[in-house]
Amino acid sequence: HTWAMASCLLCSGGLVSAQAASAVAPAISGGVEYFHLKELDSNGSRLLAETGTRYTISAALDNASRYDPLTPWLYHAEITAYTGQVDYDGLSQSIDPTENNLPFGTDTNYLGARAEAQLGYQVKPAALPHALQLIAGLGVDGWRRRIHTGFTANGIQVSGTEEVYRVFYGKAALGIADLWSGGWHNQIQAGVKLPIRIVEDVNLRAVGYDN
């Protein structure tokens, strides 16, 4: 199966170290993600979709908090833990053909963590109040996904299962930074994040298959 996943940070904040003379700024932040996942078969047909919110807490260390024209290179290292329950809309899987591929809905619980390292280059055009950033990075994201037991429209019970994923990915982004405003450092990025390798461990014994 192939899958597509997107998450959008709705709100987060971290107070940057007030040591303005230092180029290194540790930060702790919390946030709420809007999470949307789709899993597709080889023909592009949707097998399942998940939508909901997840809660995050992150610890980061970087040198992007102030612009120094003599050292325009940036680095950013971050570890994030997240959890949440989202809505699951999918199809049953069973060795009984009369109970296979039936639509059903339930909930999914997520518990995971990701680690990411970025390297970037920052310039501040004289005509702009902000710095422009070009960023590339590598990371790994691992999570445990527990799909609850649910029921089809005609009352057939669909047993839940548990899956463990590890995704190695790369990313590239453009950023804009508002440098040091009242002790806060504000930054926004837009770009792409693509998987390099996906490791999946799925427990299918609950639906009659060998693992």
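Ordered by 1.4 Å accessible area with all protein chains kept, Tyr110, Tyr55 run largest first as Tyr55, Tyr110. The shape of the stretch 92-200 can be summarised by an equivalent ellipsoid whose semi-axes, obtained from the alpha carbon gyration tensor, come to 45, 16, 12 Å from longest to shortest. Taking 0.36 nm per residue of sequence separation and removing the Cα-Cα distance, the Arg166/Asp201 pair yields an extension gain of 11.7 nm. What is the list of residues in the stretch 44-60 whose amide nitrogen lies under 13 Å from a point 7 angstrom out from the Cα of Asn101, following Cα to Cβ? Residues 44-47 qualify, since their backbone N sits under 13 Å from the label point. Potential lengthening of the chain between Leu61 and Ala49 amounts to 0.9 nm, from the contour at 0.36 nm per residue minus the alpha-carbon distance. Under the simplified labelling scheme, the Ile156-Ala190 pair shows an inter-label distance of 4.5 nm, with each label point 7 Å from Cα along Cα→Cβ.
Taking all Cα-Cα distances within the stretch 21-159, those exceeding 27 Å account for 45%.
The values are calculated or read from the model by the stated rules, or taken from the named source; none is laboratory data. Computed from a prediction, not measured in an experiment: that's the story for all the values here. With ideal geometry, Cβ positions are generated from the backbone for all residues, glycine too; neighbour counts draw on all protein chains shown. What goes into the accessible areas is simple: the full protein's heavy atoms, side chains included, and nothing from ligands, DNA or RNA. Shrake-Rupley method; radii C 1.70, N 1.55, O 1.52, S 1.80 Å.
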